[in-house]
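The values are calculated or read from the model by the stated rules, or taken from the named source; none is laboratory data. Since the structure is predicted, the reported quantities are computational estimates derived from the model, not experimental observations. Don't worry about glycine lacking a Cβ; one is built from the backbone with ideal geometry, like all the others, and counts go over all protein chains shown. Only protein heavy atoms, including side chains, enter the accessible area calculation; ligands, DNA and RNA are left aside. Shrake-Rupley method; radii C 1.70, N 1.55, O 1.52, S 1.80 Å.
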Amino acid sequence: MFEYVASGLSFLRVRFKESHQGATAQRLNDMWALLRGKHNHEFSFLYNAFIEKEFGEFFKGVYRGKGVKQIYADSGGLQMITLGKTITPQLKQDVYNNQGMYSDCAMSFDEIPVSMKGARSSRSDTSSKYFDREKFEWCAKQSGRNIRDQIETFINMKSDARPFFIAQGNDLDSYVKWTELALEQIPQELHSHIGGVALGAVALGTGTLEDCKRAFYYTQLPLSKTTHHFHLLGVGSVSRLLPVIALQHHEVYANTTISYDSTTHTSGVQMGRYYGPDCQWITPGRAYLDESTGEFAADKFEDYSFINADIRKHVTDYIVEDKFFQEAMNIPVRKYQSLHNGEFLPPIEAFSAFFVGSTMNFIRHVDHVSQNFENAHSVVDEQTFGVMNDFRNVKTREDFEYWLHHAGSSLDSSPIEDGQPSSLPEDF
């Protein structure tokens with residue numbers, strides 16, 4: 001079973017208090033619930049417990065168990081760093097308290113064993129970073145202590161929230177060692193409180209090859225045999241999901257929930273980008289109102305008409321005229337209210353219908369490939385398909401090493417350089 005975890009919910013205008021009140025909240029729940037249990041997927045929400053901490057209360061109280069299965073809460077550690085804040089024990093504690101109060105699945109604070117070669121680096125730039133083995137042991141142990149504190153907070157709160165263990169590494173041995181070092185910091189009797197596992201990419205790199213590595217590395221971690229929940233961080237394309245789809249038949253993946261969080265389809269509502277029924281993006285962009293005529297750009301109308309027709313296949317009771325749909329999708333909510341006697345629901349309903357239609361097409365595509373791997377031809381070229389098809393035969397470490405040095409090495413790869421070790425944990 002897959003679980004699509006929608007993040008970036010601000011794009012669906014949930015910050016408006018009217019979105020989680022009365023008839024509007026009921027309508028949104030009804031629409032989002034259409035995604036639950038469809039195409040071998042469940043549907044959940046994720047919010048950031050640092051910069052979106054106010055979301056937790058109404059996500060849990062209004063939407064959880066109705067429109068969405070459960071609530072995930074990110075730690076917000078990256079955003080703290082981006083904002084130039086020092087991650088103090090009190091900041092962490094505030095996040096734990098929020099997660100314990102409102103979430104089911106809570107991402108942990110993971111320390112990052114990466115250093116910069118220069119003074120500046122963008123988040124996606126792998127060439128200016130290196131895996132820092134001098135920091136590795138401290139980062140792994142401190143990450144374990146963070147999870148211990150998180151679990152203890154949840155127990156004291158009598159919360160059902162479960163932390164997700166985020167492992168970091170640069171190769172299989174380092175991911176395994178990270179897991180061992182971190183778990184040593186958590187009393188054995190608390191290990192059962194860990195809800196799932198995610199493998200971070202910050203110290204490994206990005207690219208198809210790195211995605212394959214994480215999909216296999218998961219099967220080698222001891223926690224994979226006890227938590228039965230593998231979470232993929234920031235994945236919103238079928239091609240990025242191919243590695244786990246390829247290994248679904250692996251014994252360790254049996255009875256395992258594979259969840260993945262994405263802003264791809266929520267942000268599409270804002271940017272005018274819709275995942276169509278033929279598994280291709282339709283990108284009309286935003287249409288802007290001509291104040292002099294009161295009309296929207298005519299060149300966008302055909303795309304919005306097509307999207308509106310496709311939405312009706314998934315949200316059968318959403319029936320509005322094409323012109324109205326285009327207007328509702330392309331005008332600020334408060335502006336719409338000023339033009340339509342204070343009405344609030346129509347634009348919010350349009351945003352959500354757009355999102356549900358786009359996401360339904362996407363999860364159907366994921367399931368289509370999952371049911372028959374030959375359908376992966378729809379997202380990769382013939383050479384890549386052959387390599388990924390070979391990856392399906394990987395079961396042991398020996399299998400993986402053989403695949404890596406023969407077929408896997410041809411895949412797109414953007415690795416983080418392994419820094420030279422000066423001191424290593426014992427038996428590393």
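Key figures
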| quantity | calculated |
| --- | --- |
| Per-residue [θ]222 nm for the chain (sum of -39500 (n - 2.57) over DSSP H runs n ≥ 4, rounded to 500) | -13000 deg cm²/dmol |
| Carbon + sulfur, % of accessible area of the chain - ligands and nucleic acids excluded, 1.4 Å | 49 percent |
| The chain - percent relative contact order, Cα under 8 Å, separation 6 or more | 18 percent |
| Average accessible area per residue (Å²) across segment 312-367 - probe 1.4 Å, nucleic acids and ligands excluded | 38 Å² |
| Distance violations [Cα-Cα > 26 Å] among Lys117/Lys395; Lys69/Lys141; Lys85/Lys129; Lys17/Lys38; Lys38/Lys66; Lys213/Lys313 | Lys117/Lys395; Lys69/Lys141; Lys17/Lys38; Lys213/Lys313 |
| Efficiency of FRET from Cβ geometry, Met116 and His249, R₀ 35 Å, rounded to 0.05 | 0.30 |
| Residues with amide H under 5 Å from that of Glu3, placed H, sequence gap 5 or more | Glu42, Ile258, Ser259, Tyr260 |
| Segment 17-86: GluC sites (Glu not before Pro) falling in loop per DSSP and having at most 14 other Cβ within 10 Å | Glu54 |
| Two-site FRET efficiency, Ser305 against Met1, from Cβ-Cβ distance with R₀ of 41 Å, rounded to 0.05 | 0.70 |
| Amide hydrogen neighbours beyond the local backbone of Ala106, cut-off 5 Å, H modeled | Ala73, Arg162, Phe164 |
| Cα convex hull volume per residue for segment 1-115 (Å³) | 120 Å³ |
| In sequence order, calculated HN-Hα J values of segment 34-49 (Karplus, 6.51, -1.76, 1.60; Hz; x Gly/Pro) | 4, 7, 7, x, 9, 6, 6, 10, 9, 9, 9, 10, 10, 10, 9, 6 |
